[in-house]
Amino acid sequence: MSYVTIDQVTKSYDNQVVLENISLTLKKGEFATLLGQSGCGKSTLLRSIAGLEGVNVGSILIDGKDITNLSPRQREVGMVFQSYALFPNMNVFDNIAYGLKMKKVKNIKSRVNKMIELVDLIGKEESYPHQLSGGQQQRVALARALVMEPKVLLLDEPLSALDAKIRKSLQKELKRIQKELDITTIFVTHDQEEAMTMSDRIFVMNKGKVVQSGAPSEIYTTPANTFVAKFIGNYNVYSMEVFHKLVRSSELKGDEVAIRPEVLQLVSPGEDCPDLQENWGIKGVIKDVTMTGNVLRYEVEADDSYFHVDYLHHRGLMFEQGSRVQIIVPKKECIVL
Amino acid sequence: MRKIKKQKIYLLALLLPFIIFVIGFEIGPLVAMIKNSFYADDGITVTINQYITIFKSKFYLSGIKNSLIISLVSAVISVTVAVIAAYSFTKFSSKIQNRLLMIANMTSNFEGIPLSFSYIILLGNNGLFTLLFAQLGWDLFADFNLYSWTGLILVYVYFQIPLAVMLIYPSYQGIKKQWKEASSLLGGSKASFWFRIGIPVLLPSIVGTFTILFANAMGAYATAYALVGSNYNLMSLQIASLVASDVTLKPQLGSALGVLLASTMILAMWFNERMMRRIRRDLR
Ligand SMILES: Nc1ncnc2c1ncn2[C@@H]1O[C@H](COP(=O)(O)OP(=O)(O)OP(=O)(O)O)[C@@H](O)[C@H]1O
Ligand SMILES: [Mg+2]
């Protein structure tokens, strides 16, 4: 039984189609991520769910209720903006209490205090937004949305303005809170790593369409098309014609081949290629080595094509720039697109 | 180290014309005025009698009262109108916004004698509209007298509104669209947004503008003089007649009045600032 349903939603801004026939469903309590490049329509989709933008075609349902034509205040969704959008003239307590005051509910004080505890801001009740760090401001924004007990929580790149370390810790915390409250969440990001670590399900978007959806591991290991392969996993992608030449075999059939950089291995050209039944060997030259933290990435040129090969850093540098190598390509890791 | 010092000297040298200007045209006259106000009419004896004269005289006290009333009323009306007008400006395209600002800019400079004469020509006893309306038999304006309090306030408001619009308009740019969106998602209506967030955020600018308008009206002289001559009892007209009339020159008394005028402005500024801090507690 789906809790959130987006049914064939289309939206355009003066002749430019921004969302094209988008359909997706979420289960209750699911943490879903909209992942895609800048300008692909993630924010527009989120704002359409919130009611801040109207849609041209299609419908949006939450908990079985059609909310397509309701105003934002009637939708029972909470939203956290990238820029936090805290009210500058109110302190932390009043920011969080705002929605409850609008609803004229009772025991505002205890509900707000519970939220302040949940987002770990005890002692900051009287502070004003300009006296808080970016991470603290984001927690206030989160608490302000959560205190309303919304049916769906929408997060538009809530962590992208923060530095890497705080970002990592807030990712964890966000996930903890989401699990604790079991709240259905739609999270927007253009960072694939962030999407992988946080989500139950990822919807990859490109040019206003959802091009693939699934669990993070599913999307990572079996990309549905070239766009996803390149965007999610930094896959090496080759046209079939080129690939046939490289491996001197036309065993694979299809348009393109995608290979993850971490399944490739490098050996010295003198060494024999292990098990020719299961691998291909390609001769090449190391063009460049880069180190991104714990990963060593070799860029290998072979017949005018380039291969990225990733190794964990603990082995140290095995090949210098300019050395000749053999790339071992496991056949079963080649994904035909 | 030495280099920095040298640079500082250059910068100070550049500031010199400004410093000379401030001392020569602002601080100098102010000090002279305060000093003058503590002398008797002979200009030799030091005394506080000038102030006592003012506070004992019905004539001067009513002048102060009149000036305060007209300044407060015209400032309140102008600020209220300007807050709404500036908001509606923001709803136009940026091209039209620029045009509107240009008009506001021009009209805010239209004050003093030319403005008064324009009003006299249009709405005076033999003014264009007055006669036209009489001909048409509309008695809508039959009771209207330009040379009265209402007339004076009308003229003041006329030159205050454009100034207020120009001063308040920029602060609307500081109101973020996402505050409105967040408010509406949290169940707030448009009214509650403006009441709880919009107006409080604009408040420093509204208060600042109010203070400027108040001071502007307190000090306005030429407009009032051209319209009502010395028939009306306003502080600025009283000071003018004490320091520049051909009958009774009493510059010391004029100075004392001047000091009181300046004091009301400072008092207004202080009061406004305090009221604002009570509402905007986030501002230190
Ligand atoms: N109000 C608007 N008027 C016209 N075009 C718009 C408007 N808002 C968004 N667009 C266009 O819609 C497209 C999608 O925008 P959107 O903000 O949804 O992208 P996004 O995926 O959130 O990108 P980012 O990662 O940069 O935030 C863009 O091409 C943008 O130019
Ligand atoms: Mg966006």
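The values are calculated or read from the model by the stated rules, or taken from the named source; none is laboratory data. Predicted model only: the values in this text are computed from it and were never measured. Note that each Cβ is placed from the backbone with ideal geometry, even for glycine, and that neighbours are counted across all protein chains shown.
Odds and ends about this structure:
- Looking across region A:288-331, the residues that are among the basic types (Lys, Arg) and more than 18 Å from A:Tyr235 (Cα to Cα) come down to A:Arg315, A:Arg324.
- Restricting the search to strands (runs of 3 or more DSSP E) fully inside region A:241-337 and requiring at least 1 residues that are touching a Lys or Arg at 6+ places or on another chain (Cβ under 7 Å) and without any contact (Cβ under 8 Å) to a residue 40 or more places away in the chain gives A:279-292, A:295-302.
- Tally, over region A:197-231, of residues that are in a helix (DSSP H, G or I), surrounded by 18 or more Cβ atoms within 10 Å (Cβ to Cβ) and without any contact (Cβ under 8 Å) to a residue 60 or more places away in the chain: 5
- Within region A:163-199, tally of residues that are within 16 Å of ligand 2 (Cβ to nearest atom) and closer than 28 Å to A:Glu76 by Cβ: 7
- Failed item in (1) closer than 30 Å to A:Thr10 by Cβ; (2) modelled with pLDDT under 90, with A:Met196 passing the rest: (2)
- Positions within region A:95-126 being at the interface with another protein chain (Cβ under 9 Å from one of its Cβ atoms) and surrounded by fewer than 21 Cβ atoms within 10 Å (Cβ to Cβ), in sequence order: A:Lys101, A:Met102, A:Lys103
- Summed over region A:160-189, the residues that are away from chain B (no Cβ under 14 Å) and either closer than 22 Å to A:Phe87 by Cβ or in a helix (DSSP H, G or I) (or both) give a count of 20.
- Per the conditions (1) of a type in the set (A, V, I, L, M, F, W, C); (2) in contact (Cβ under 8 Å) with a residue 60 or more places away in the chain; (3) within 16 Å of ligand 1 (Cβ to nearest atom), the sole criterion not satisfied by A:Val4 is (3).
- Answer from B:Leu237, B:Leu154, B:Leu242, B:Leu185 - the residue that is more than 19 Å from B:Tyr87 (Cα to Cα) and within 14 Å of chain A (Cβ to nearest Cβ): B:Leu185
- Residue in region B:125-148 that is closer than 27 Å to B:Lys190 by Cα and exposed (fewer than 15 other Cβ atoms within 10 Å of the Cβ) present: no
- Qualifying residue in region A:133-146 (condition: of a type in the set (A, V, I, L, M), more than 20 Å from B:Lys176 (Cβ to Cβ) and either part of a helix (DSSP H, G or I) or more than 9 Å from every other protein chain (Cβ to nearest Cβ) (or both)): yes
The rows are residues; the columns are (1) out of contact with any strand residue (DSSP E or B) (no Cβ under 8 Å at 6 or more places or on another chain); (2) surrounded by 22 or more Cβ atoms within 10 Å (Cβ to Cβ); (3) under 30 Å from A:Met79 (Cβ atoms); (4) among the β-branched types (Val, Ile, Thr).
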residue	(1), (2), (3), (4)
B:Ser189	yes, no, yes, no
B:Trp194	yes, no, yes, no
B:Ile197	yes, yes, yes, yes
B:Leu203	yes, no, yes, no
B:Gly219	yes, no, no, no
B:Gly229	yes, no, no, no
B:Val247	yes, no, no, yes
B:Phe271	yes, no, no, no
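- Residues (small (Gly, Ala, Ser) and either within 14 Å of chain B (Cβ to nearest Cβ) or away from ligand 2 (no atom under 12 Å from the Cβ) (or both)) located in region A:24-47: A:Gly29, A:Ala32, A:Ser43
- Flag if A:Glu157 is within 16 Å of ligand 2 (Cβ to nearest atom) and within 14 Å of chain B (Cβ to nearest Cβ): yes
- Scanning region A:179-191 for residues that are surrounded by 21 or more Cβ atoms within 10 Å (Cβ to Cβ) and modelled with pLDDT under 95 yields a single hit, A:Thr189.
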